[in-house]
1. Which strands (runs of 3 or more DSSP E) does segment 9-57 wholly contain that include 1 or more residues that are crowded, with 18+ Cβ neighbours inside 10 Å?
2. Which of the residues belonging to segment 130-143 are assigned to a helix (DSSP H, G or I) and exposed (fewer than 13 other Cβ atoms within 10 Å of the Cβ)?
3. Condition (residue is more than 30 Å from residue 37 (Cα to Cα) and in contact with a strand residue (DSSP E or B) (Cβ under 9 Å, 6 or more places away or on another chain)) applied to segment 117-124: is it met by at least one residue?
4. Got at least one residue in segment 70-87 being in a helix (DSSP H, G or I), in contact with a strand residue (DSSP E or B) (Cβ under 6 Å, 6 or more places away or on another chain) and surrounded by 13 or more Cβ atoms within 10 Å (Cβ to Cβ)?
5. Going through segment 88-129 one residue at a time, which ones are part of a loop (DSSP other than H, G, I, E, B) and farther than 19 Å from residue 161 by Cα?
6. Is there any pair linking a residue in segment 123-142 that is within 13 Å of residue 156 (Cα to Cα) to one that is assigned to a helix (DSSP H, G or I), with Cβ under 7 Å and at least six apart or on different chains, and which?
7. Look through segment 95-106, keep the residues that are surrounded by fewer than 17 Cβ atoms within 10 Å (Cβ to Cβ) and at pLDDT below 95, and return whichever of them is farthest from the chain's Cα centre (by Cα).
């Protein structure tokens, strides 16, 4: 900034964003001082280096504010794990898949593991079916980083959340109104006869 700039010539942009061209650094400092502003090097790696005439205090404040806003928007990604069995029952499966979807929506990676006991190691295809179903059910929220792999008695996949722009909206099925409709009952012959007698004049 100002006299700390080492380059002898720089490309100068004024406070209104207008390029003034390549000028001696000393000339740029003089122009900034005349406007009670600073000459700030914003692209030192460029040829020639790029400097802007601006209010350094305000410029520094805006940079800090942008960095702070970016940190707020950035989600801290953590690794979650969900364990299943090759013969997992439907209720347990639904509960765990809902949890996996929630983790992915929050931006977390999820390690999904299927644990095999004893002779279950002879039926690895069951574990593959469970993990393939998880991948299908989480489509639109996350994807598997690769094919299932064995780690001891565990078969695992790693689910990673999709970028925000690729997340598919979840569509809910339409609610059906299964309530029975009221059916009008046709009057029988006795009711018709009673109605006719009530309308006849009395003697």
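1. 9-13, 38-43, 50-54
2. 136
3. Among the residues of segment 117-124, at least one is more than 30 Å from residue 37 (Cα to Cα) and in contact with a strand residue (DSSP E or B) (Cβ under 9 Å, 6 or more places away or on another chain), which makes the answer yes.
4. So in segment 70-87, the residues in a helix (DSSP H, G or I) come out as 70-73.
Those left that are additionally in contact with a strand residue (DSSP E or B) (Cβ under 6 Å, 6 or more places away or on another chain): none.
No, segment 70-87 contains no residue that is in a helix (DSSP H, G or I), in contact with a strand residue (DSSP E or B) (Cβ under 6 Å, 6 or more places away or on another chain) and surrounded by 13 or more Cβ atoms within 10 Å (Cβ to Cβ).
5. 88, 89, 116, 117, 123
6. 134/97; 134/100
7. Looking at the filtered set, the residue picked out is 102.
The values are calculated or read from the model by the stated rules, or taken from the named source; none is laboratory data. Note that this is a predicted model, so its numbers are computed, not measured. All Cβ positions, even for glycine, are placed from backbone atoms using ideal geometry, and neighbour counts span all protein chains on display.
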